[in-house]
Amino acid sequence: MTSTTPPTRSVAERLRAEHGPALTLGDDCDLPDDLVVEIDPGAHLTLGNRVSIRRGSTIQVHRGATVAIGDDVAIGEHTFISAMAGIRIGTGAALSNMVDLHDHNHRARTTEHVPTGQLVPWASGFEAAPIIIEPGATLSNKVTVTAGVRVGANALVGANAVVSHSIAPDTVATGVPAAARRTFDGAPAPREDRRTLTVGFFGTSIMEHLEAVNAQMTTQADLPQVGSKVTVEGWHQRGWVHRLVLSLRAARPHVGFDVRNHGEGGATSRDIASIVEADRATTGTDYDLVFLGCGINDVWRRFQNRMTEAVDLGEYTRYFTTMLDQLSGYTRTIVVISETPFGPIEDAATVAQMNTELARYNDAARAAAAAHGAQFLDVWAPFAAAARHIAPAIADNPVGLWSDGVHLTELGDTVLLQQTERLLAEQRIVEKLLDYPLLERDAALTAYGPLFARHRPPGA
């Protein structure tokens, strides 16, 4: 009698049999016999073509989540990948041995999260945010990547690093927490789902800063001849806001910046509160970063004897608080900027009175910012210090900080720009905003689902 031994199923066949339509498995994958794959109901795992995974590795895809591993990805021994929102590993990326990717954390055991006081590890629930490893990135041995982080294309993360904030493309990062050490001229790699930050500005002409423009005046290859005439074709927003945006884009070309400048010349807090409300009602924009500042016109109108337009301190405080209440509901980070002092717009005694009054409005803005967990940038002190050492702008000496005692010159704009850039750098505000916010588990599935939709079969 001849006996036959049933042919041994391949790892790919076993996984397809176990998980059915919850698994999309590409061709020519090299998978170890002991690979552990756990896919909960409503979850999906995609492995691209020629994926290589070494022994002892585990992939967990929890309820409703997605893990998408692109073509030609190499994953080393004893790597652990666990998703409650979604994890995406781009084409040609490499994860060395004992890498850990967890896109979720236990929530703190607060009375809000555990109202019954139940003593089990999962009682407080979970919060989650996606992890994105872009094409060509390399994670060395024992790297840990935490929830909400994006590792840029071609990035190289050194051994034992803990990546708790996003890493730019073409960057070498090491340490705990991982920090950029140097950049390099990266090889071509596809940039997937370009990260875009939405930045809003709400304020007066100090933010709006209109400038007359004619295209020929700004085209270096076609400048008008000296003594010729050009026609003003329109107005452009310039000043420190424009220069800050240029600086952000130049420093982070891999990031998109959707800038909404709602500055309005002559506006009081009453006017700006209406602008904030109208913006939300008409556009519904969610902001990553908002700069808010006003008050100078509230005070100035009273000294101009335009009493119907003036806004007293109590009313100003109410408007400012209302704006922060509204913005806090749909803005990740708010920076309140103090008003700059009045310059030589009246006689010295009157200007001193105006500045004493304006300082009270700045104090109210500072208190409102603190109550709402917003950053407060006090530009008054550095502006006043610079003014003490620089002669006021006059016809034959246009180098002061003000053009008329209220509106700023380019020099005054530069003082604001430097202070703003200093705050952004010291507080690492933009770097933190490049991380995806942690959300309650079910909210994260809804909010971040579009990032993974194309990696799931239709209807999955």
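Any idea what log10 I(q)/I(0) is at q = 0.09, 0.12 Å⁻¹ for the chain, Debye with uniform C-alpha scatterers and no solvent?
After summing over all Cα pairs, the log10 values are -0.74, -1.06.
Write down the percent of antiparallel bridges among all DSSP beta bridges whose residues are both part of the chain, to the nearest 5. Please report the intermediate quantities before stating the final value.
On the way: 15 of 76 bridges.
If I count the DSSP bridges inside the chain, around 20 percent turn out antiparallel.
What whole-number value in cubic angstrom gives the convex hull volume per residue for the C-alpha atoms of the range 133-267?
Working: hull volume 21.9 nm³, N = 135.
Roughly 162 Å³ of hull volume per residue.
Cβ under 14 Å from Gly136's Cβ, Gly136 left aside: what net charge do those residues give with Lys, Arg +1 and Asp, Glu -1?
-3
Would you report the distance distribution of C-alpha pairs in the range 47-111 as whole percents per 10 angstrom bin, up to the bin with the largest distance?
Here the calculated profile for the range 47-111 is 22, 50, 20, 6, 2.
Tell me, in nm to one decimal, what length is gained between Phe80 and Asp193 on full extension, where the rule is 0.36 nm per residue of separation less the Cα-Cα distance? Numbers along the way, then the final one.
On the way: separation 113, 0.36 × 113 = 40.68 nm, distance 2.46 nm.
Once the chain is fully extended between Phe80 and Asp193, it gains 38.2 nm.
For the peptides 81-89, 326-334, 249-257, what is the packing order when you average, over each peptide's residues, the other Cβ atoms within 10 Å and list the highest mean first?
Working: 81-89: 26.3, 326-334: 16.7, 249-257: 13.8.
Result, highest mean Cβ count within 10 Å first: 81-89, 326-334, 249-257.
Over every pair of different alpha-carbon atoms in the range 41-167, take the mean of 1/r and invert it; report that Kirkwood radius in Å. Walk me through the intermediate numbers first.
Values: mean 1/r = 0.0669 Å⁻¹.
Hydrodynamic radius (Kirkwood, Cα only) of the range 41-167 equals 14.9 Å.
Any idea what the dipole of the chain comes to, in debye rounded to 20, about its Cα centre with Lys/Arg Cβ at +1 and Asp/Glu Cβ at -1? Mind dumping the intermediate values first?
Details: 39 positive and 53 negative charges, 162 e Å.
In debye, rounded to 20, the chain gives about 780.
Radius of gyration and Dmax for the range 219-273's Cα atoms, expressed in Å?
For the range 219-273, the Cα radius of gyration and maximum Cα-Cα distance read 16.5, 45 Å.
Mean projection of the alpha-carbon convex hull of the range 196-433 over all orientations, in nm²? Walk me through the numbers before you get to the answer.
Values: hull surface 59.3 nm².
Mean projected area of the Cα convex hull: 14.8 nm².
Would you please name the GluC sites (Glu not before Pro) within the range 335-438 that are DSSP coil residues with at most 12 other C-beta atoms within 10 Å of their C-beta? Please list the in-between numbers first.
On the way: sites: Glu339, Glu346, Glu357, Glu410, Glu421, Glu426, Glu431; in loops: Glu339, Glu346.
Passing both the DSSP loop test and the Cβ count: no residue.
Would you mind calculating the relative contact order of the chain from Cα pairs under 8 angstrom and at least 6 residues apart, reporting the percent as a whole number? If you can, show how the numbers build up before the last one.
Details: 993 pairs, mean separation 52.3, N = 460.
Result for the chain is 11 percent.
Would you mind getting me the FRET efficiency between Thr283 and Asp347? Use the beta-carbon distance for r and R0 = 45 Å, nearest 0.05. The partial results should precede the final answer.
Working: r = 44 Å, r/R0 = 0.98.
The calculated FRET efficiency here is 0.55.
For the range 275-336, build the charge dipole from Cβ charges (+1 Lys, Arg; -1 Asp, Glu) around the Cα centre, then report which of Ile275, Thr331, Thr317 sits farthest towards its positive end.
Thr317
How many nm separate the modelled label positions at Lys432 and Met217, each set 7 Å beyond the Cα in the direction of the Cβ?
For Lys432 paired with Met217, the spin-label model returns 4.0 nm.
Which value in Å is the Kirkwood Rh of the range 338-460 over different Cα pairs?
Final number for the Kirkwood radius of the range 338-460 is 18.1 Å.
Sum -39500 (n - 2.57) across every DSSP H segment of at least 4 residues in the chain, then divide by the residue count to get the 222 nm mean residue ellipticity, nearest 500. Show your work: numbers first, answer last.
Values: 12 runs with 133 residues, N = 460.
Helices in the chain give a 222 nm mean residue ellipticity of -9000 deg cm²/dmol.
Using the Karplus curve 6.51 cos²θ - 1.76 cosθ + 1.60 with θ = phi - 60°, work out ³J(HN,Hα) for each residue of the range 26-41 in order, rounded to whole Hz, and write x for Gly and Pro.
x, 8, 6, 7, 10, 10, x, 4, 9, 4, 9, 10, 10, 10, 7, x
If you take the charge dipole of the chain about its Cα centre, with +1 on Lys and Arg Cβ and -1 on Asp and Glu Cβ, which of His389, Gly266, Ala93 is farthest toward its positive end?
Working it through, the farthest residue towards the positive pole turns out to be Ala93.
Report the Stokes-Einstein translational diffusion coefficient (µm² s⁻¹, integer) for the range 320-370, Rh taken as the Kirkwood radius over Cα pairs, at 10 °C with viscosity 1.306 mPa s.
Working: Rh = 12.5 Å.
The estimated diffusion coefficient comes to 127 µm²/s.
Using mean Cβ contacts within 10 Å as the protection proxy, how do 436-446, 220-230 order, highest first? Don't jump to the answer; show the numbers that get you there.
Values: 436-446: 18.4, 220-230: 7.8.
Taking the mean over residues of other Cβ atoms within 10 Å, the ranking is 436-446, 220-230.
Expressed as a whole percent, how much of the Cα-Cα distance distribution for the range 1-105 exceeds 19 Å? It would help to have the intermediate numbers written out before the result.
On the way: 2196 of 5460 pairs.
Counting pairs separated by more than 19 Å, the tail of P(r) holds 40 percent.
Computed from the coordinates by the stated procedures, all read-outs in this text should not be read as laboratory data. Because the structure is predicted, anything quoted here is derived from the model rather than measured. Heads up, the Cβs are rebuilt from the backbone with ideal geometry, glycines too, and the neighbour counts pull from every protein chain shown.
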